Amino acid sequence: MSVSSVESMASLSSDLFYDILRRLDGATLASAACACALFCSISKEEQLWENVCSSMWPSTNRDDVKSLILSIGGFKKFYADSFPLIVNEVPEFRWNDNFEYPEELTEAEYYGDVDELENVIPSDFVSIMDIRYKDKTICSKVLWGIPNANGFNGWFYNCPFRIDLLAYSDEVTLSVSDGLPPIMSIERERKDGKLWQELREGIRLSWIIVNRKIKKAANLSSWSPLGGQRHWPTDKDFVVRFGSVLPAKDILPCQVVECILIMKFRVIRTEGEGVQTTLKLTELSMQLEDMDGSHVNGRNSLLVLKEALSCHRSKNYNEALESCHLYSKVQTELKEKKMRYENTLDRLWILGGIATCITFCFYCL
């Protein structure tokens, strides 16, 4: 049987091309849209991008989230905003500076433009979160607004910013049925570390923040962990850290801050007769820290989050990872410099005290 040649793509049904394109992931679909005018036209269909978003972020399957995405520009725009990771450079000229707030700053200068802040309110933000372990979704949550942020002059604006997502969600567990390796005891896990290694390599976090007023979105997570550790002293708790470096120009003296996303798991069952190894998610939180390691207050955090929605992003994970590592390097250098400065002051005070005692004794004699 001979197969007749196709003279041109135009002779094929557009439904066939649509069926092909709907099976692609977001990055491949975007590349296909650049191949020809026909693919470009078909790729503008919102349903294609809705399928891509629901596959990558199951939390977008909710009706209220779908309405939100449509209100800020549609699924194609949402994917373009949320898929690339945030990348920011640490200003080199700030490496040898002390990031301290001058004492002469007025309240308005310290907290920023009040008029600008009035245009950024906690209820404008929506958190869309998804956790995956080895490509299996184990948790999807949506948080409207920022909890406990009532009143412009309330405690939220002057206290350290923090969002604890688990306080507003159900219990989340991870077990052998999700792909977790079994362990017989904590003592054995402490020696071989197999469970900890598999958890750190397999866990993924997406934390998308949306501002309904300016109709923009951004993923604040690094997707893969930036680091992690066993939580002393129990050896049953595993802490995994995600995050990104956010711009804070004209908001804070250090010009950039770190968005820290903490995920903590606790071993609640080990492998035994009739049971499976099970981990329980005990913490999932977001907080912002400046270069000095101090928590950013709620007032400035709202401005930083708004600024993050318009900052530079990249599809290259290594570039985002390098940005976070550079921030940590500079932060470590500043801490070491501060410690050396404080040690020098301590020595001067000690020498001054000794000199004072010697002088006093000399006059007494």
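Those residues that are under 30 Å from residue 71 (Cα atoms) and in contact with a Lys or Arg (Cβ under 7 Å, 6 or more places away or on another chain), I need them from segment 188-213; list them, please. Full working, then the answer.
Going residue by residue through segment 188-213, those that are under 30 Å from residue 71 (Cα atoms) are 204-213.
Matches in segment 188-213: 204, 211.
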Query - Close pairs (8 angstrom Cβ cut-off, 6 or more residues apart or separate chains): under 15 Å from residue 199 (Cβ atoms) in segment 216-229, assigned to a loop (DSSP other than H, G, I, E, B) and of a type outside the set (Lys, Arg) anywhere - result: none
Query - Those residues of segment 30-53 which are among the small types (Gly, Ala, Ser), part of a helix (DSSP H, G or I) and open to solvent by 30 Å² or more (accessible area, probe 1.4 Å), in sequence order - result: 30, 31, 37, 41
Report summary line: Given (1) at pLDDT 85 or above; (2) of a type outside the set (Phe, Trp, Tyr); (3) buried (at least 16 other Cβ atoms within 10 Å of the Cβ), residue 310 misses just (3)
Query raised in the report: Within the bounds of segment 203-214, is there any residue that is under 19 Å from the mean Cα position of the chain (by Cα), closer than 28 Å to residue 180 by Cα, assigned to a strand (DSSP E or B) and without any contact (Cβ under 8 Å) to a residue 24 or more places away in the chain?
Result: no
Requested in this report: Could you tell me whether residue 61 is modelled with pLDDT of 80 or more, open to solvent by 60 Å² or more (accessible area, probe 1.4 Å) and not hydrophobic (A, V, I, L, M, F, W, C)?
Outcome: yes
Query - 2 or more residues open to solvent by less than 20 Å² (accessible area, probe 1.4 Å) and not aliphatic (A, V, I, L, M): qualifying strands (runs of 3 or more DSSP E) within segment 223-305 - result: 237-247, 256-269, 278-289
Query raised in the report: residue 172 passes all but one of (1) of a type in the set (A, V, I, L, M, F, W, C); (2) modelled with pLDDT under 85; (3) in contact with a Cys (Cβ under 7 Å, 6 or more places away or on another chain); which number fails?
Result: (2)
Query - Qualifying residue in segment 102-113 (condition: closer than 29 Å to residue 206 by Cα, surrounded by fewer than 16 Cβ atoms within 10 Å (Cβ to Cβ) and either modelled with pLDDT under 50 or not polar (S, T, N, Q) (or both)) - result: no
Query raised in the report: How many residues, within segment 320-334, are open to solvent by less than 60 Å² (accessible area, probe 1.4 Å) and either under 14 Å from the mean Cα position of the chain (by Cα) or over 16 Å from residue 294 (Cα atoms) (or both)?
Result: 5
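The values are calculated or read from the model by the stated rules, or taken from the named source; none is laboratory data. Note that the coordinates shown come from a computational prediction; the quantities given were computed from them, not determined experimentally. Note that we place each Cβ from the backbone using ideal geometry, even for glycine, and neighbour counts take in every protein chain shown. Side chains are part of the model used for accessible areas, which takes the heavy atoms of the whole protein and leaves out ligands, DNA and RNA. Shrake-Rupley method; radii C 1.70, N 1.55, O 1.52, S 1.80 Å.
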